[in-house]
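J.: Pasting a structure below so you can have a look.
The values are calculated or read from the model by the stated rules, or taken from the named source; none is laboratory data. Nothing here was measured: the structure is a model prediction, and the numbers come from that model. Note that we place each Cβ from the backbone using ideal geometry, even for glycine, and neighbour counts take in every protein chain shown.
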């Protein structure tokens, strides 16, 4: 296919060539904030709305200039592919931070970067002449090999190289992460005299003029500790093979049910694909080919399909070997997300075809790997495969356990609807879970019912400990303790709570089972509630009010409730503390960021208030609703059951 070279890309034509995207799209699709270290925009900028633009695929232009004369970055560029530049790349941003992110290789004649502009290159950078960074606080980062005649890096511009350097390096060691051949004040040892200033440092204006005039700036026979050869500097020819085009064409053929044509297209072009774990396009090529084979298999009889099943297994292993090769350091990085998606699909597919080939033990291993990767309800389709394999192995007890807990969580789960009326499954369920839905009459029964549910899930770690919380009560409080707490509350203690303290003492996770501590519930012991807290003025008091409890729970480090308060805030917080007393908390997604605080009011009713450290406005809205007279409505048993049901919705099911 023909590659069209775009003329100069600059402030006059970028809108015609590039696609504008939102900041949110740039983050979601390209994780730009991980590539750009110090993105900011000057409040006095002439650019009202800093623009994010992308080019999807390989970009071939004659030259690129951004802010070269104005010093203002009018656009930020993301190239989702390789960037081939026949001439120079000149990037400058003195007033605003601008960036260029390239998710592939870059070739150019020369590269000049200055000011605040940041450049992040996921592949290699091959330059025929000079790479020059100067006059600013920007940064150039290259993940793979960098090759040029000379790299000149002048403070405070920073350069980071993470692979082999094939160039002479003249730089301040403080502003680069690799060994330099010549420091800034040793320019006379590397550059022709006219390019060295009176201080013995590189003369930037004359160097830039020489680059523009295509004149050499280096002395003859200079030495370098890095591998250096003119062979490094040949700009590679743009390949006519574009992975994305083949993927799109193959998927279009599959959509039209032309599975043989799609299979042949992917297979014929496979030798052109260099599979790498950090190259999204090559990974997606193999990923799409697996789907293609899966569709193709369905067009044959089982006997005829066997060679293609084995081929799927071969390519799935190749792909898994690549994505399993190393650690995903950035869990939310797009490439790491895709690695997880690949593992899910490939392991699930391996389980299916191995099952079809009668290799049940191996099929179960891959089905279990796939299920272990479930992150949300969207991944529940993976449960279908492990149930199919278990049923083939005549291990119906284990299969039915998965079916039941899945249908308990989602009665409309489409892959298991056949079991809703299956007589064998219904008989098993009746025999093992009769009376399960009976309503708990007491708090003790509610806790016992929840614990039995967790034990029934059978999800344990390698030491046999349950990976979900199991709860227990403490020792009953003494009458003296109860009376002390009633006096400290300063509002009437509900009889239900008084009986709870007297008979059950507290509610807490059973320590040996609560492995993750992600989801828990506590009704505090009276002893812990009667500990006094000393104020800044030296006064001592109990932390029983809702806000007092939140602050105490966070070890006093909730400054939004304590420091620099206005009179209105002080009045609101005082009313909340006096009218609503906190007796416990529960967490759904712990992470040290949020909890639900269990409270009661003057009417003797209970409820819960959610506090998240980053959502101050939302907790204030809850306070306002409470003070409007919107009474709490639950009993203690009901608020505990509500917490248990919410925990049920987020615990580990597989």
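J.: Quick one: is residue 288 within 12 Å of residue 247 (Cα to Cα) and buried (at least 18 other Cβ atoms within 10 Å of the Cβ)?
T.: Yes: the conditions hold for residue 288.
J.: Can you work out which of the residues in region 416-435 that are under 24 Å from residue 645 (Cα atoms) and under 36 Å from the mean Cα position of the chain (by Cα) is surrounded by the most Cβ atoms within 10 Å (Cβ to Cβ)?
T.: 416
J.: Just a yes or no: is a residue in region 100-121 surrounded by fewer than 24 Cβ atoms within 10 Å (Cβ to Cβ), at positive phi and outside any strand (DSSP E or B)?
T.: No, every residue in region 100-121 fails to be surrounded by fewer than 24 Cβ atoms within 10 Å (Cβ to Cβ), at positive phi and outside any strand (DSSP E or B).
J.: Find the helices (runs of 4 or more DSSP H) located wholly in region 352-434 whose residues include 3 or more that are in the same structural domain as residue 338 (by TED's automatic domain parsing), farther than 30 Å from residue 308 by Cα and in contact with a helix residue (DSSP H, G or I) (Cβ under 7 Å, 6 or more places away or on another chain), and list them.
T.: So the answer is none; nothing clears 3.
J.: Only one of these is modelled with pLDDT of 90 or more, under 11 Å from residue 154 (Cα atoms), assigned by TED's automatic domain parsing to the domain that holds residue 135 and under 44 Å from the mean Cα position of the chain (by Cα): 173, 202. Name it.
T.: On inspection, the qualifying residue turns out to be 202.
J.: A follow-up question, please. Give me the residue from region 18-28 that is loosely packed, with under 15 Cβ neighbours inside 10 Å and closer than 21 Å to residue 281 by Cβ and, out of that set, modelled with the highest pLDDT.
T.: 19
J.: Sticking with this structure for a sec: So, in region 493-551, of the ones that are modelled with pLDDT of 85 or more and assigned to a loop (DSSP other than H, G, I, E, B), which residue ends up surrounded by the fewest Cβ atoms within 10 Å (Cβ to Cβ)?
T.: Of everything passing the filter in region 493-551, 525 is surrounded by the fewest Cβ atoms within 10 Å (Cβ to Cβ).
J.: Oh, and also: Could you grab me the full set of residues in region 171-184 that are out of contact with any helix residue (DSSP H, G or I) (no Cβ under 6 Å at 6 or more places or on another chain) and under 26 Å from residue 205 (Cβ atoms)?
T.: 171, 173, 174, 175, 176, 181, 183, 184
J.: Give the residue, chosen from 267, 257, that is farther than 19 Å from residue 135 by Cβ, outside the structural domain of residue 36 (by TED's automatic domain parsing), part of a loop (DSSP other than H, G, I, E, B) and modelled with pLDDT of 85 or more.
T.: 257
J.: Of the residues that make up region 45-56, is at least one at pLDDT 65 or above, touching a helix residue (DSSP H, G or I) at 6+ places or on another chain (Cβ under 9 Å), surrounded by fewer than 18 Cβ atoms within 10 Å (Cβ to Cβ) and in a strand (DSSP E or B)?
T.: Yes, the conditions are met somewhere in region 45-56.
J.: I would also like to ask the following. In region 122-140, what count of residues is obtained for those that are free of Cβ contacts under 8 Å to residues at least 40 places away in the same chain and either within 24 Å of the chain's Cα centre (by Cα) or in a strand (DSSP E or B) (or both)?
T.: Counting residues in region 122-140 that are free of Cβ contacts under 8 Å to residues at least 40 places away in the same chain and either within 24 Å of the chain's Cα centre (by Cα) or in a strand (DSSP E or B) (or both) gives 4.
J.: Same structure, new question: Do we find that residue 243 is buried (at least 17 other Cβ atoms within 10 Å of the Cβ) and modelled with pLDDT under 90 in this structure?
T.: Details: buried (at least 17 other Cβ atoms within 10 Å of the Cβ): yes; modelled with pLDDT under 90: yes.
Yes.
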